[in-house]
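Accompanying notes for the structure given below.
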Ligand SMILES: Nc1ncnc2c1ncn2[C@@H]1O[C@H](COP(=O)(O)OP(=O)(O)OP(=O)(O)O)[C@@H](O)[C@H]1O
Ligand SMILES: [Mg+2]
């Protein structure tokens, strides 16, 4: 029983990382209507940035905060410079641009930092707490806390601020928003900035366990896709719930179902996804797409 | 000097020319109707004013040329355009939709200052504040769209077929409010309609568009008696 509870907590910790990146995907999907395939590489780039800052003597939390600021500016810049010129083109064109972006960022990372694996510090102590004979890793709790706090702050931003409201309006109806004097282009860029911030959090939280290497976010991005689709691709709450439950389910399956182990984690995640989508095609929280003929 | 002035306005969607030569004026405090058959260019005329279609020719508002201005900056001059299809945000609440109307003048202070006045015209909105706009009936949605435009305290209100798909009593109610806004607050209104009868009854002057050109213009009372207008648009 104690072991089971422990597995749930560590599942939630990895799930929170998937959830953050899934939420980034959903943010962009809602405003730009495409899956940003470069989301993982953008996260990797910012995580390397954090590594460099610490490598040059900055301590963890200041480096963390500065990295988020850099991620935000970078996300805004990517939208303005790379996405904006193709903004009105068919979605497939934009998707291909994001794949190009993925390759470019990946190559840039290798060029700047090299391909060898680097260790990344964790801000949390490497010990455990015992709560009623359940051993909980502080690392897991810290990761979960940081991710959920980020999600919560973002929720507050969208819920309570004027700019957050305008961003939601733009995602629903950009033409109507423009008539109400909203600068639609900047709202989209802001969305990319916030998505990049979420990715940076996910990257920095994942790095201590998966280590820094140019393809560190690849698998996490696939889990994040799965989580986003599971939650219903256009639903922020769905992405978070999808990410957390995916983390827990995968962790339990690989611990208690022998043949899953570590090798079959990814196929298992996709199997879970497939089953859910057969039962609920719109995902857990998504809106049914009604096709009128 | 008129509040709004269009002269020789042309507009196109890619290669398709939708307006050939539109010239019209609207004085401060006036209600003007814009009539015409399907595809005549009524919606495009409003878009040419709010800057949401490619246009040439002269459009000026309050003495300023709208020439190369963006839709955002035109909205800031005090033109509220309720577009065809209403342009609501169905997944946002009624209150959030109203807040978006206040965005152009600084959301927080404007919504606080203007909401009581606007809710005076639509008291039922008060109880529906937290409801999703998409769950309102068609008539309620049209009124919400009107209320949202009013929150910005516009100098010119442009309505695109507010009667579309609504029951006659609701249409009458909407036009009653528009007339009241005009007589009490001196609001200037440019209203596009296919329902020529109520539009002519509610306006001082009217223009009839045919394939992107002004075909007939004059005082609304006279157009109601105009042979061609009566036959084509009033049906008797
Ligand atoms: N987005 C568009 N792309 C291409 N052509 C368009 C577009 N919108 C309108 N048109 C064309 O421009 C012309 C004028 O259309 P407009 O919508 O202004 O007419 P309308 O008078 O508002 O008609 P309705 O009463 O049906 O709303 C029509 O020939 C129409 O087919
Ligand atoms: Mg129209």
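List of remarks:
- Listed peptides A:51-59, A:14-22, A:183-191 by packing density, highest first (mean Cβ within 10 Å): A:14-22, A:183-191, A:51-59
- The label-point distance for residue A:77 and residue A:61, in a model that sets each label 7 Å from Cα toward Cβ, rounds to 2.8 nm.
- For chain A: relative contact order, % (alpha-carbon pairs under 8 angstrom, 6 or more apart): 36
- Overall, the anisotropy analysis places the protein assembly as shown in the prolate class: the square-rooted eigenvalues a ≥ b ≥ c of its C-alpha gyration tensor yield a/c not less than 1.5, with a/b exceeding b/c.
- Modelled label positions at residue A:121 and residue A:280, each set 7 Å beyond Cα in the direction of Cβ, lie 4.2 nm from each other.
- Over region A:171-293, relative contact order from alpha-carbon pairs under 8 Å, at least 6 apart, %: 21
- Whole-percent pair-distance distribution, where bins are 10 Å wide, for the alpha carbons of chain B: 8, 33, 37, 19, 3, 0
- Per-residue mean of C-beta atoms belonging to partner chains within 10 Å, peptide B:147-154: 1
- Inter-centroid distance (Cα atoms) of region A:31-62 relative to region A:158-200, Å: 22
- Per-peptide average of other Cβ atoms within 10 Å, ordering B:217-225, A:39-47 highest first: A:39-47, B:217-225
- With contacts taken as Cα pairs under 8 Å and at least 6 residues apart, chain B reaches a relative contact order of 27 percent.
- At 1.306 mPa s and 10 °C, Stokes diffusion of region B:127-228 via Kirkwood alpha-carbon radius, µm² per second: 107
- If you sort the three axes of the alpha carbon gyration tensor as a ≥ b ≥ c, you get a/c of 1.5 or more for region A:1-94 and a/b no higher than b/c, which makes it oblate.
- Packing here is the average count of other Cβ atoms within 10 Å per residue, and on that basis the peptides B:27-33, B:157-163, highest first, run B:157-163, B:27-33.
- Centre separation in Å (Cα based) which lies between region A:244-265 and region B:161-203: 63
- Averaged over the residues of B:87-97, the number of partner chain Cβ atoms lying within 10 Å of the residue Cβ comes to 4.
- Average partner coverage of B:74-80, which counts Cβ from other chains inside 10 Å: 2
- In chain B, helical runs assigned H by DSSP with n ≥ 4 each contribute -39500 (n - 2.57); averaged across all residues and rounded to the nearest 500, the mean residue ellipticity at 222 nm is -11000 deg cm²/dmol.
- All Cα-Cα distances of region B:86-153, cut into 10 Å bins from zero to the largest, leave 24, 61, 15 percent in each bin in turn.
- Extending 7 Å from Cα along the Cβ direction at residue B:112 and again at residue A:95 yields two label points whose distance is 4.7 nm.
- GNM flexibility winner over chain A from A:103, A:153, A:253 (Cα, springs under 10 Å): A:153
- In chain A, the calculated helix contribution to ellipticity at 222 nm averages -24000 deg cm²/dmol per residue, counting -39,500 (n - 2.57) for every DSSP H run with n ≥ 4.
- Treating r as the C-beta distance of residue A:149 and residue B:77 and R0 as 45 Å, the FRET efficiency rounds to 0.60.
Read-outs throughout are calculated quantities, based only on the coordinates presented, and are distinct from any laboratory measurement. Bear in mind the structure is a predicted one, so any value in this text is a computation, not a measurement. Neighbour counts are summed over all protein chains in view; Cβ atoms, including those assigned to glycine, are modelled from backbone coordinates with ideal geometry.
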